[in-house]
Structures are given as structure tokens and as C-alpha cells.
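Data block below; observations after.
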Amino acid sequence: MDNALLNVSGLTTCYGSICALKSIDFYAHDGEIVGIVGPNGAGKSTLLESLAGSVPISEGRIEFMGRRIDHWSVLKRRQLGLMLIPQEGNIFPLMSVKKNLEVSVILSKRDKREGFIDYVYKIFPILYERRKQIANTLSGGQQRMLAVGIGIASNARVMLIDEPSIGLAPKLVTKFFENLNKIRDDTHKTIVLSEQNIKVLNIADRLFGLEAGEIRFDEKKENLSRDVVKDLYLGSLG
Amino acid sequence: MGGILSLPVLGVAVIYGITGIPNFAIGVIGVFGGFVTWYFFSSSIGLAIAIGIVVCFIIGFIIQRVLLTPISEKGGDSTLFFIITVSVGFVFEGMLRAIFPRPNISLELPRIGTMNLGGFTVEWFKIIALVFAIVTLIVIRLMEEHTEIGKSWQATSQNLKLAKLVGIKTTQVFSFASGIGCALACIGAIFWGSLYNLQLSSGWDLGFMGFIVAVVGGIGNIWGGLISALIMGMVMSFSGYLFGGEWQSVILYLIVIIVLIIAPKGILGSERSL
């Protein structure tokens with residue numbers, strides 16, 4: 001995809017002799033919500049970490065906003081507009097909710113910062129109520145909201161979110177995905193999320209199916225049935 | 001004693017708390033700064049102290065930037081850091097011998113006498129050193145609440161990976177922390193040098209005692225370190241008073257061992273954060 005915002009070709013990432021990603025092609029357009037689905041160990045997290053630069057890649061190209069970034073540091077990629085929200089360790093545990101958000105706006109201009117934090121509070125009012133609370137005393141669901149809040153506050157052009165729904169109660173998952181949709185509509189950000197929850201079909205514009213480090217499908221939502229997506233998980237189980 | 005110890009302890013705690021790297025060279029670097037201060041002492045005391053502190057800050061900053069941070073990015077473990085930082089310590093001790101060919105120096109700060117504390121005479125210098133350590137601690141706390149730099153430090157110490165992801169320049173934070181830690185050790189060495197005298201090898205005493213005290217308090221936990229410094233200082237004074245100076249270190253380190261058997265994470269527990 002030549003005109004994509006984020007464009008990856010032939011991406012291979014190995015840990016020692018084991019390759020978690022094998023020559024992946026991947027892309028995301030501006031303002032899209034892209035889901036990466038696949039069973040455990042498919043390489044979803046590795047793909048997101050490779051994009052953000054927290055894992056070194058072995059081969060391939062990553063282009064973002066027309067620039068080749070695959071050997072850039074995490075910080076440099078972040079400055080250009082790529083932000084990863086990891087699956088674990090995605091909050092500053094001993095700081096207040098407010099301070100968590102305050103350190104996340106550090107790259108933005110001073111007069112914009114408050115607006116970004118206010119927007120996080122608007123999307124997740126509970127975080128405003130709990131703004132003085134220490135982050136690791138929040139409930140699991142609230143911590144997940146804070147993690148996404150950190151991503152929103154950072155105002156990155158592309159948010160890469162690693163399995164945001166894991167461990168959330170089914171009712172919360174629906175609500176959570178609605179919020180992500182709203183964030184995209186409000187801010188026109190691009191959201192790339194890895195998921196194991198089938199409900200991702202409700203919000204993603206496009207899905208990549210990943211299995212054993214290889215792309216199984218790349219389809220628009222309209223062209224995918226729940227069965228095909230489910231098959232990816234069940235197939236690997238059976 | 002505890003008052004003076006509290007400064008290198010604070011230095012150890014700041015460096016370890018933020019970078020997660022134990023720097024065993026910190027005492028030697030501090031004493032190096034003490035000798036630098038002594039070298040300029042005759043011109044102006046205030047200027048000499050400032051030069052010593054700045055030199056230590058720069059040394060700490062550079063060591064972290066060019067040596068320790070790159071190694072830690074490659075996943076260095078504590079054994080490696082022990083060997084490397086002890087080697088750095090020997091480099092600085094060797095440089096001391098080469099540059100200042102004098103076995104020991106004494107920094108003649110203006111004497112301000114002693115005070116009487118419940119029957120014990122205490123040097124004002126020790127009280128000042130302790131107050132200085134507490135004020136430094138409070139300043140760090142205030143910075144964490146109200147300044148961007150302080151918040152970045154805190155974030156980096158709590159979650160390095162996320163700190164990088166949100167765009168904090170963690171390499172700078174590390175270098176800065178290391179500089180501040182070494183500067184604190186230098187201030188400790190200057191106090192030490194004005195009460196006793198500084199020898200070429202004093203840095204190891206200062207550094208290792210700073211580390212042991214910090215571990216007893218809960219390494220990385222600054223309040224624990226301060227309390228531990230005070231208690232250990234008192235233990236030293238009392239045991240010296242009761243059993244004679246020769247038994248001081250025997251009693252002190254036996255107590256250290258017993259405390260660590262009972263509470264391996266130190267008196268207040270280590271949380272590796274400020």
C-alpha cells in the first residue's frame with residue numbers, strides 16, 4: 001500500500017533462532033482502526049513492539065509518514081507520532097492518575113497539554129473522579145482505561161494498543177471498544193490494536209489475521225464473517 | 001556520623017532508585033571531588049567546594065552516558081555492573097594517586113564547634129550534613145510534584161519502558177541522576193574531610209558504607225536510607241563508646257547481617273523508586 005500512513009514490508013523479527021514474525025506485510029491508513037487478530041503466540045505483540053521500536057527487527061522495512069524508521073529509537077519514533085500501549089506495565093504504578101497523564105503530554109506544546117488531559121477525562125470520567133488516586137490501586141478495568149488515557153494524552157498520530165480487552169468483563173469490553181471508536185471519530189487518530197476478542201469486529205475497519213508469525217488474511221470488515229475470524233482461533237486449537 | 005553517611009547514602013539511593021544500576025564507584029568519585037576541592041582550597045573555600053561538586057556531577061553524568069547506560073541497554077546484570085563500577089573506582093583512585101601525590105588531606109573548613117545533645121557532644125558539622133541531606137530529599141520530593149524534570153525522574157524510575165514510550169528522554173534522566181548522586185557523594189566527602197581526613201582510599205569506605213547503609217534501609221528507598229544512616233551512625237558511636245573503637249566495625253556489621261537476615265529487603269523495604 002503505497003499511500004498508507006504506516007507501511008511495513010517483509011518484516012521479520014527473531015528472538016535468537018526463533019522468529020516470531022516471518023516476512024510480514026502490514027499497513028494502516030490515516031484514521032483507520034485496524035485489528036490484528038490471532039491466537040496466543042501468533043506474533044501480535046511482537047508486531048506492535050517491532051513497530052514501536054522496543055524490539056529490534058531482523059529484516060524488512062517500516063515506513064511511517066513516508067519515512068523509513070525501522071532503525072530509529074523508541075523515542076524518535078514516538079516524536080514522529082507512533083505510540084505503543086503495551087499489554088502489561090502500561091501505567092506508572094506509584095504515581096497518581098493525574099501525574100500519569102501529566103508525564104504523557106511531555107512532548108506536546110505547553111498550551112495544548114491541558115486540553116489533551118481534559119479529553120481523557122471526558123472519555124473516561126471515572127479517571128477524573130479518581131485523579132488523585134495512586135494508579136496501582138485502581139481496579140483492573142480502570143487501569144486499562146488509564147493505559148489508553150496515557151496513549152490519548154500523548155496525542156500520537158498512531159496508537160498501537162496491545163490486547164486492551166484482555167481480562168475485562170464482557171460488558172466492559174463492549175463499552176471499551178465503543179470508547180475507542182469515539183476516540184477515533186473525535187481525534188481522527190489511527191488505532192492499531194491486537195485482539196483475541198471477537199468483538200473487535202464491531203469497531204475495526206480492517207482486520208489482519210496472524211498465525212504462527214505469518215499473515216493469514218488481510219480483509220475489510222465487510223468481507224469477513226465471524227466464522228472466518230473464529231476459525232483462526234479454533235483452527236489453531238483443533 | 002549518621003549525618004555524614006546520609007549524603008553518600010542519598011547519592012546511592014538516587015542513582016539506584018532511578019537507573020536501577022548499583023554504582024560502587026560513587027564513594028571514590030566523591031573523594032576525588034574532595035581532593036579537587038582541597039586543591040583549590042587556598043584561593044576560595046566556596047569556589048573550591050563548588051568546583052569539586054561540579055566536577056563530580058560531570059564525572060557521574062559522563063560515566064552514565066558513555067558507559068553504564070549503553071551497557072544496561074544491552075541487558076547488563078548486577079555482577080557485570082559490580083565489576084565495571086568497581087573498576088571505574090580503581091581508575092579514579094589511581095588517578096588520585098597520580099594527580100595528588102599525598103596520602104591524605106584535611107579540609108580546614110571554619111570550625112563551628114559542637115553542641116550538647118542529651119549528654120553527648122555532637123559536632124555541628126554532622127548536624128548540618130544531616131539537615132543538608134533532609135533538605136535535598138525534600139527538594140527532590142517537591143520537584144517530583146511540581147516540575148517536569150521531577151515527574152520525568154519519577155516516571156523513569158517506576159516504569160522505564162513506558163517512560164520511553166511516552167517520550168521521556170530516559171538517557172538524559174539517567175545521566176542527570178548519576179551526576180546528582182556523585183555530587184551528593186562529593187558533598188559527603190567534603191564533610192568527611194573537614195571532620196576527619198580524606199585518604200586516597202577513603203572513597204571505598206564511603207561508597208561501601210553508603211551502599212550497606214542504603215541496603216539496610218531498603219535500597220532505592222530514600223527515607224529508609226536516611227533512617228538507616230542515623231541508626232547505623234548511632235550504633236557506631238555507642239559501640240565505640242561502650243566497647244572501644246576496635247570493636248566498632250565488628251558490632252556494626254554483625255548488626256547489619258542480622259538485620260538483613262530478618263528483613264532481606266531492608267528496614268523500610270525496597271521499592272526501587274524515589
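Suppose we filter A:Leu94, A:Leu84, A:Leu75, A:Leu101 for residues that are within 30 Å of B:Gly150 (Cβ to Cβ), within 14 Å of another protein chain (Cβ to nearest Cβ) and part of a strand (DSSP E or B); which single one remains?
From the options A:Leu94, A:Leu84, A:Leu75, A:Leu101, the qualifying one is A:Leu84.
When the residues of region A:1-16 are narrowed to those that are of a type in the set (S, T, N, Q) and at pLDDT 90 or above, which ends up nearest to A:Asp30 (Cα to Cα)?
Going through the qualifying residues, I end up with A:Asn7.
Please go through region A:130-155 and give me each residue that is among the hydroxyl-bearing types (Ser, Thr, Tyr) and either in a helix (DSSP H, G or I) or over 20 Å from A:Val105 (Cβ atoms) (or both), ordered by number.
Scanning region A:130-155 gives A:Thr137, A:Ser139.
So which residues in region A:142-171 are over 17 Å from A:Glu88 (Cα atoms), aliphatic (A, V, I, L, M), out of contact with any strand residue (DSSP E or B) (no Cβ under 8 Å at 6 or more places or on another chain) and away from chain B (no Cβ under 12 Å)?
Selection gives A:Ala169 alone.
What number of residues within region A:59-78 satisfy the criterion of being loosely packed, with under 15 Cβ neighbours inside 10 Å and under 21 Å from B:Pro70 (Cα atoms)?
Qualifying residue count, region A:59-78: 3.
Of all residues in region A:47-57 being of a type outside the set (A, V, I, L, M) and either surrounded by 15 or more Cβ atoms within 10 Å (Cβ to Cβ) or free of Cβ contacts under 8 Å to residues at least 12 places away in the same chain (or both), which is nearest to the other protein chains (Cβ to nearest Cβ)?
Residue satisfying both the conditions and the ranking: A:Ser54.
Considering (1) farther than 24 Å from A:Ala42 by Cα; (2) surrounded by 16 or more Cβ atoms within 10 Å (Cβ to Cβ), say which one A:Leu232 fails and leave the rest.
For A:Leu232, the exception is condition (1).
For region B:154-177, which residues satisfy the criterion of being within 25 Å of A:Glu49 (Cβ to Cβ) and in contact (Cβ under 8 Å) with a residue 40 or more places away in the chain?
B:Gln154, B:Thr156, B:Ser157, B:Gln158, B:Leu160, B:Thr171, B:Val173, B:Phe174
For region B:175-193, which positions are more than 14 Å from B:Phe132 (Cβ to Cβ) and either surrounded by fewer than 24 Cβ atoms within 10 Å (Cβ to Cβ) or out of contact with any strand residue (DSSP E or B) (no Cβ under 7 Å at 6 or more places or on another chain) (or both)?
B:Ser175, B:Phe176, B:Ala177, B:Ser178, B:Gly179, B:Gly181, B:Cys182
Restricting to region A:48-62, give me the number of residues that are within 17 Å of the chain's Cα centre (by Cα) and closer than 13 Å to A:Ser9 by Cβ.
3
Only one of (1) crowded, with 16+ Cβ neighbours inside 10 Å; (2) at negative phi fails for B:Tyr196. Which number is that?
Tallying (1) crowded, with 16+ Cβ neighbours inside 10 Å; (2) at negative phi, B:Tyr196 fails exactly one: (1).
Within region B:112-125, is there a residue that is of a type outside the set (D, E, K, R), more than 14 Å from chain A (Cβ to nearest Cβ) and closer than 28 Å to B:Val91 by Cα?
No: zero hits.
So is A:Leu127 in a helix (DSSP H, G or I), more than 13 Å from chain B (Cβ to nearest Cβ) and buried (at least 17 other Cβ atoms within 10 Å of the Cβ) or not?
Yes; evaluated as a whole, the condition is true for this residue.
Can you pull out every residue in region B:1-33 that is assigned to a loop (DSSP other than H, G, I, E, B) and under 24 Å from B:Thr170 (Cα atoms)?
B:Gly20, B:Ile21, B:Pro22, B:Asn23, B:Phe24, B:Ala25
From B:Gly60, B:Gly46, grab the single residue that is of a type in the set (Gly, Ala, Ser), surrounded by fewer than 15 Cβ atoms within 10 Å (Cβ to Cβ) and assigned to a helix (DSSP H, G or I).
Matching residue, one of B:Gly60, B:Gly46: B:Gly46.
Looking only at region A:171-197, which residues are surrounded by fewer than 14 Cβ atoms within 10 Å (Cβ to Cβ) and in contact (Cβ under 8 Å) with a residue 24 or more places away in the chain?
A:Glu178, A:Lys182, A:Asp186, A:His188
Just to check your reading of the model, which residue among A:Tyr119, A:Tyr128 is touching a Phe, Trp or Tyr at 6+ places or on another chain (Cβ under 7 Å) and not hydrophobic (A, V, I, L, M, F, W, C)?
Testing whether each residue is touching a Phe, Trp or Tyr at 6+ places or on another chain (Cβ under 7 Å) and not hydrophobic (A, V, I, L, M, F, W, C) leaves just A:Tyr128.
Can you tell me which residues in region A:29-72 are on the phi < 0 side of the Ramachandran plot and in a strand (DSSP E or B)?
Listed by number, the residues that qualify are A:Ile33, A:Val34, A:Gly35, A:Ile36, A:Val37, A:Glu59, A:Arg61, A:Ile62, A:Glu63, A:Phe64, A:Arg67, A:Arg68.
Check whether at least one residue in region B:170-189 is under 23 Å from B:Pro22 (Cβ atoms), within 14 Å of chain A (Cβ to nearest Cβ) and not β-branched (Val, Ile, Thr), and report yes or no.
Yes, because at least one residue in region B:170-189 is under 23 Å from B:Pro22 (Cβ atoms), within 14 Å of chain A (Cβ to nearest Cβ) and not β-branched (Val, Ile, Thr).
Which residue pairs have Cβ atoms closer than 9 Å, lie 6 or more positions apart in sequence or on different chains, and pair a first residue in region B:246-265 that is among the hydroxyl-bearing types (Ser, Thr, Tyr) with a second residue that is surrounded by 14 or more Cβ atoms within 10 Å (Cβ to Cβ)?
Correct list of pairs: B:Ser249/B:Met236; B:Ser249/B:Ser239; B:Tyr253/B:Ile212.
All but one of (1) under 23 Å from B:Phe82 (Cα atoms); (2) among the hydrophobic types (A, V, I, L, M, F, W, C); (3) over 12 Å from the mean Cα position of the chain (by Cα) hold for B:Trp204, so report the exception by its number.
Result: B:Trp204 fails condition (3) only.
For A:Ser108, work out the one condition from (1) over 30 Å from A:Gly209 (Cβ atoms); (2) more than 14 Å from chain B (Cβ to nearest Cβ); (3) not in a helix (DSSP H, G or I) it doesn't fulfil.
All conditions pass for A:Ser108, except number (2).
The values are calculated or read from the model by the stated rules, or taken from the named source; none is laboratory data. These numbers come from a predicted model, not from an experiment. Here Cβ is always computed from backbone atoms with ideal geometry, including for glycine, and neighbour counts include all displayed protein chains.
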